[in-house]
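Working notes, beginning with the structure itself.
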Amino acid sequence: MLKHSAFVHLLQIHGEMEITKARFAGSAASVAGKPGTKLPEFAFIGRSNVGKSSLVNMLCNNRDLAKTSSKPGKTVLINHFLINEEWYIVDLPGYGYANRSKTEREQISKIIENYLDNSRELEMLFVLLDSRLPLQKIDLEFINSLGEKGIPFTIIFTKGDKLGPNALNSMVERNKKSLLEYWEELPPVFVASSRTKTGRKEIIDYIYKVLQLIQ
Ligand code: GTP
Ligand code: MG
């Protein structure tokens, strides 16, 4: 059974925050090339096309901040966005896009691995899962690898607008159950929609709770 000592249970901490300033701070193929100013980082990862860049834009209330596309494989570098001059959102490339060449897939895997293994400023990794799908093997393997690396993570089910409330709820519950076959307890789980902005307040509040905790 995987166990995570770093799960953040913060219900007792209060405080409501907003993202008022967000700007692109740079793209890099490795941690060596990330912005020079060291600040806490909150990164977004998941399969290609799951909605990482759209979620970053939704959180920042800026549709043009991160590049999005209906075709998978859009984000290919580590992208830093400076938020409120005090922390970074990091938009990562997606894993598991089958239509890429083998060389490209290996490049992307290296970039992701380099970031996860070397970014000392990473405070929380948000793993995005498509709310319409049962847990995919590649996502499960990725999430379980985070246990081995000791990286604190939180799960966000994306595209929540695409299912009705009952179907959404039963898929989320089903996927939580699947994860509990491997994990003793689960990290916080959010449902989001970049279309309707569902989950925005909860995710931003959560980030600020983590920031309070590490101060
Ligand atoms: P890569 O950068 O290729 O790894 O993809 P990504 O995970 O950054 O996905 P991206 O944000 O580019 O979105 C992929 C597609 O999903 C786009 O066509 C988005 O418009 C769509 N999409 C993203 N989020 C949502 C959502 O919440 N609801 C709906 N209906 N569509 C979404
Ligand atoms: Mg992207």
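With all protein chains in place and a 1.4 Å probe, the accessible surface of the chain carries 48 percent carbon and sulfur. Highest-first packing order for the peptide set 167-174, 124-131 is 124-131, 167-174, based on the mean count of other beta carbon atoms within 10 Å.
Report, in debye and to the nearest 20, how large the dipole of the chain comes out about its Cα centre when Lys and Arg carry +1 and Asp and Glu carry -1 on their Cβ. All intermediate terms of the calculation are to be shown ahead of the outcome.
On the way: 29 positive and 24 negative charges, 162 e Å.
So the magnitude is around 780 debye.
Accessible area per residue, 1.4 Å probe, Å², for the chain: what's the number?
On the way: 10940 Å² over 215 residues.
Heavy-atom SASA per residue in the chain reads 51 Å².
Along the Cα-to-Cβ line of ALA28, 7 Å from the Cα, sits a label point; which residues in segment 60-81 have backbone N less than 15 Å from it? Counting only backbone N, you get 77-81. With contacts taken as Cα pairs under 8 Å at a separation of at least 6 residues, the chain carries a relative contact order of 27 percent.
Distance from the alpha carbon centroid of segment 170-213 to that of segment 99-134 works out to 18 angstrom.
Fully extending the segment from SER178 to SER145, taken as 0.36 nm per residue of separation minus the present Cα-Cα distance, adds 10.3 nm.
The values are calculated or read from the model by the stated rules, or taken from the named source; none is laboratory data. Note that the structure is a prediction, hence the values are computed from the model and not measured. Note: ideal-geometry Cβ built from the backbone for every residue, glycine included; neighbour counts use all protein chains shown. Side chains are part of the model used for accessible areas, which takes the heavy atoms of the whole protein and leaves out ligands, DNA and RNA. Shrake-Rupley method; radii C 1.70, N 1.55, O 1.52, S 1.80 Å.
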